[in-house]
Amino acid sequence: MDLAIIFISLLLLMFFAYRGFSLIFIAPIFAVLAAITSDYTSMPVYSELYMTKAAEYIKSYYPVFLLGAVFAKIMEEGGLAASVAAKIVSVLGKERAILAVLLGCGVLTYGGLSVFVVAFVMYPFAAILFKQADIPKRLLPAILWMGIFTYSMVSLPGTPQIQNIIPAAVFGTTTWAGIGQGLLASILFFIIAYVWISYRSKSLKAKGEGYGKHTLNEPENNNDELPDWRLSSIPLLMVIIINLYVSNPFNWSWAFHWAQNSLLAFAPLKLSLIASSVAKVQAIWSINVALLISSIVAAYIGRKKLRRLGGVIHPINTGAIGSTSAVLNVASGYAFGCVIAALPAFAMIKSALLGLSFGDGPLFSSIITTNIMVGITGSSSAGLMITVGTFGQEWLTWAQQIGMSPEVLHRIICIASEGFDTVPHAGALVTLMAVCGLTHKESYYDIFVLTLLKFSVAFICLIAYMLFGLV
């Protein structure tokens, strides 16, 4: 009965999320429902377990959401993001439309822009380019997803996206963990996207299907004056370079070193949510510094366009407000998963998942478990948080016992999070389709095929590690 209630609560969460209900509202309701047959009573589950776990997530990651959203809005409203995207599109042209979209999305995402801002910025350019090349518009959500949410979000070493930061807090790694695995996965994600969309484009064209007649959210050619693309690229490069310098993943003598005893001064305060060591939070600190400095530079470069929109206060306020909703959504999914994981009945599921193995080590277990959690929540970040929070310490101990680097575990889990996150009820996917003015019926077939293909990437990386020791 206890297991049945857990699965019912999961199904209800997925159903209501798919129907458009806010996760912030429904997650605590179904978390309490999941515990209804356990020894836990309702209000303690809500106030002491669910809310505590939500607070843990917000405490750790809200600065990343806040500074990331502000940086993205400054880049967007200052015209810097559009300038970089326009340059990439113009250089490659309509003959290489698919390549242009993949690269443009990747550059902006790896440069630190919020994935949703990248979708809004890149869509007009991608749609115009596809129309000029007469490529079916229904392929746009699939190619935008692969450019924004795959190689540049989870696998390229150093990517400043939250999915690459979450494992660092548990494993004590940096955002540059698993360089070999990350580069291999990035190449695979890119090839899968390019080959499949190119094949589908040619196949549909052979049947007489072109861009199509669309009226919803169709972009217009915008001739607004934009900042120089070279200047506009500077803040994107700064995010990467400052993050590399401050996080110092290779322990360079000339790079920055965080004071490892800097948390000791807080010991007498007995703060319940304080990190156990600097290693657990230095990756977050590093990306915060990089985003803050880069935001200031971006605001200066885009000052002319920002003045016409009322100054820098608008993107700061808009980004701050938007980040609050974003972090609460993810924290709600994370807290729901933590409640499920804390229930006695879940111990059987946890034991079964930890028992999965293919060769030595926790990699196979981590790939399967991460995909299950990501598929349930419809979010790579929420699924990652649940997975790492529930299983991370056991996997880390397992890895240390066999001499496996935590960096491999970090990167494999990140890559695995970009497997089943394109389930139909995924909030990011629903948003992306709305931006494109398309529906599941029109575009989900190609996303479904790519879901199956990208699910294999983590397993290929696992095999590469087993055969060649690729780290």
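Consider the range 437-471. How many of its residues are among the small types (Gly, Ala, Ser) and surrounded by fewer than 19 Cβ atoms within 10 Å (Cβ to Cβ)?
Going through the range 437-471 one residue at a time, the tally reaches 4.
Can you name the residue in the range 414-424 that is farther than 20 Å from ILE340 by Cα and open to solvent by less than 10 Å² (accessible area, probe 1.4 Å) and, of all such residues, is modelled with the lowest pLDDT?
Among residues in the range 414-424 that are farther than 20 Å from ILE340 by Cα and open to solvent by less than 10 Å² (accessible area, probe 1.4 Å), the one modelled with the lowest pLDDT is THR422.
Quick test of your reading of the structure: GLY389 fulfils all but one of (1) part of a helix (DSSP H, G or I); (2) under 27 Å from VAL117 (Cα atoms); (3) touching a residue at least 40 places away in the same chain (Cβ under 8 Å). Name the failing condition by number.
(2)
Basic (Lys, Arg) and either in contact with a strand residue (DSSP E or B) (Cβ under 7 Å, 6 or more places away or on another chain) or loosely packed, with under 14 Cβ neighbours inside 10 Å (or both): is that true of ARG230 in this structure?
Here the answer is yes, as ARG230 does meet what is asked.
Scan the range 15-32 for residues that are buried (at least 18 other Cβ atoms within 10 Å of the Cβ) and of a type in the set (A, V, I, L, M, F, W, C) and jot them down.
PHE16, ALA17, LEU23, ILE26, ALA27, PHE30, ALA31, VAL32
Kindly provide the set of residues from the range 164-191 that are aliphatic (A, V, I, L, M), surrounded by 20 or more Cβ atoms within 10 Å (Cβ to Cβ) and farther than 24 Å from TYR61 by Cβ, ordered by number.
LEU184, LEU188
Taking helices (runs of 4 or more DSSP H) that do not extend beyond the range 286-364, which have at least 3 residues that are within 23 Å of the chain's Cα centre (by Cα) and among the hydrophobic types (A, V, I, L, M, F, W, C)?
313-342
Would a scan of the range 37-47 turn up a residue that is buried (at least 23 other Cβ atoms within 10 Å of the Cβ) and over 22 Å from the mean Cα position of the chain (by Cα)?
Within the range 37-47, none of the residues are buried (at least 23 other Cβ atoms within 10 Å of the Cβ) and over 22 Å from the mean Cα position of the chain (by Cα).
Restrict the check to the range 366-381 and report whether at least one residue is within 16 Å of the chain's Cα centre (by Cα), buried (at least 20 other Cβ atoms within 10 Å of the Cβ) and not in a helix (DSSP H, G or I).
Yes: the range 366-381 contains one or more residues that are within 16 Å of the chain's Cα centre (by Cα), buried (at least 20 other Cβ atoms within 10 Å of the Cβ) and not in a helix (DSSP H, G or I).
How many residues does the range 328-371 hold that are touching a Phe, Trp or Tyr at 6+ places or on another chain (Cβ under 8 Å) and farther than 22 Å from ILE29 by Cβ?
Summing the residues that are touching a Phe, Trp or Tyr at 6+ places or on another chain (Cβ under 8 Å) and farther than 22 Å from ILE29 by Cβ in the range 328-371 gives 15.
For the range 266-300, give me each residue that is over 25 Å from PRO157 (Cα atoms) and open to solvent by less than 30 Å² (accessible area, probe 1.4 Å).
The answer is ALA299, and nothing else.
Within the range 210-262, count every residue that is farther than 19 Å from VAL281 by Cα and not hydrophobic (A, V, I, L, M, F, W, C).
Counting residues in the range 210-262 that are farther than 19 Å from VAL281 by Cα and not hydrophobic (A, V, I, L, M, F, W, C) gives 22.
Please specify each residue of the range 233-248 satisfying the condition of being crowded, with 20+ Cβ neighbours inside 10 Å and either basic (Lys, Arg) or over 13 Å from LEU113 (Cα atoms) (or both).
Across the range 233-248, the qualifying residues are ILE242, ASN243, LEU244, VAL246, SER247.
Can you name the condition, by its number, that GLU407 falls short on among (1) open to solvent by 50 Å² or more (accessible area, probe 1.4 Å); (2) within 20 Å of GLN181 (Cα to Cα); (3) assigned to a loop (DSSP other than H, G, I, E, B)?
The failed condition is (3).
Is there a residue being within 28 Å of ILE58 (Cα to Cα), open to solvent by 10 Å² or more (accessible area, probe 1.4 Å), under 18 Å from the mean Cα position of the chain (by Cα) and not aliphatic (A, V, I, L, M) anywhere in the range 382-401?
yes
What number goes with the only condition from (1) part of a helix (DSSP H, G or I); (2) touching a Gly at 6+ places or on another chain (Cβ under 8 Å); (3) polar (S, T, N, Q); (4) within 30 Å of VAL278 (Cβ to Cβ) that GLN181 does not pass?
Every condition holds for GLN181 apart from (2).
Any idea which of ALA17, ALA81 is touching a His at 6+ places or on another chain (Cβ under 8 Å) and of a type outside the set (S, T, N, Q)?
The match here is ALA17.
State whether one or more residues within the range 11-21 are farther than 17 Å from TYR334 by Cα, in contact (Cβ under 8 Å) with a residue 12 or more places away in the chain, among the hydroxyl-bearing types (Ser, Thr, Tyr) and assigned to a helix (DSSP H, G or I).
yes
Any residue in the range 395-406 that is among the aromatic types (Phe, Trp, Tyr), at pLDDT 90 or above and touching a helix residue (DSSP H, G or I) at 6+ places or on another chain (Cβ under 6 Å)?
Scanning the range 395-406 turns up at least one residue that is among the aromatic types (Phe, Trp, Tyr), at pLDDT 90 or above and touching a helix residue (DSSP H, G or I) at 6+ places or on another chain (Cβ under 6 Å).
Among all residue pairs at least 6 apart or on different chains, which show Cβ distances below 6 Å where the first residue, located in the range 112-130, is under 16 Å from LEU92 (Cα atoms) and of a type in the set (Gly, Ala, Ser) and the second is open to solvent by 10 Å² or more (accessible area, probe 1.4 Å) and modelled with pLDDT under 90?
ALA127/PRO219
Checking the conditions here, which among GLY319, GLY311 is small (Gly, Ala, Ser) and buried (at least 20 other Cβ atoms within 10 Å of the Cβ)?
After applying the criteria, what remains is GLY319.
Where the second residue is acidic (Asp, Glu) and the first is more than 10 Å from GLY106 (Cα to Cα) and lies in the range 149-174, which pairs have Cβ atoms under 7 Å and are six or more apart or on separate chains?
The qualifying pairs are VAL154/GLU418; THR173/GLU407.
The values are calculated or read from the model by the stated rules, or taken from the named source; none is laboratory data. Here the structure is a predicted model, which means the values were calculated and not measured. With ideal geometry, Cβ positions are generated from the backbone for all residues, glycine too; neighbour counts draw on all protein chains shown. For the accessible areas, the whole protein counts, side chains as well, though only heavy atoms, and no ligand, DNA or RNA atoms are used. Shrake-Rupley method; radii C 1.70, N 1.55, O 1.52, S 1.80 Å.
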